[in-house]
């Protein structure tokens, strides 16, 4: 059976695939998306400061942030959303929620910081040809200009 597979796929050893050259492996690594982005330093800070363990995945952080926001615990919600933002989360939900929470708390500087970060992230995506990023970029730019009067 193994000889058949060897002859079919042309490998000298069916149990050991050949190692790609360093150039090929670097290109593969560059194109392979990261599945879970972790920020252990921030997670440790949240545990120490707020007394809860921040999940590793951005989806779980976002979901937990929504839960805390519904319960009215905005400090914990901010911690969750900021954790996602530190990892440059893909969705605009985190940036929207943080801007809204900071507006409710009258923390204008933080709201401006979040909007600028969202503009930075979506300007890179818009430059890569993603059509959905253009609308999000315009929305964040409009909110920032309204807020700062520029």
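Residue 60 to residue 146: FRET efficiency via 1/(1 + (r/R0)^6), r the Cβ-Cβ distance, R0 25 Å, to the nearest 0.05? Write down the numbers at each step before the final one.
Numbers: r = 32 Å, r/R0 = 1.30.
Computed FRET efficiency for residue 60 and residue 146: 0.15.
Would you please give the FRET efficiency between residue 103 and residue 50, computed as 1/(1 + (r/R0)^6) with r the Cβ-Cβ distance and R0 = 25 Å, to the nearest 0.05?
0.70
Using label points projected 7 Å from each Cα along Cα→Cβ, tell me how many nm separate residue 71 and residue 112, to one decimal.
Between residue 71 and residue 112, the label points sit 3.3 nm apart.
Using a ≥ b ≥ c from the Cα gyration tensor of the stretch 36-89 (square roots of the eigenvalues), is it rounded, prolate or oblate, where a/c under 1.5 gives rounded and otherwise the larger of a/b and b/c decides, a/b for prolate?
Values: a/c = 1.98, a/b = 1.24, b/c = 1.60.
Note, shape of the stretch 36-89 comes out oblate.
Every read-out reported here was derived from the displayed coordinates using simple, explicitly stated rules and does not represent laboratory data. This structure is a prediction, so every number in the text was calculated from the model and none was measured. Cβ sites come from the backbone with ideal geometry, for glycine too, and all protein chains shown count toward neighbours.
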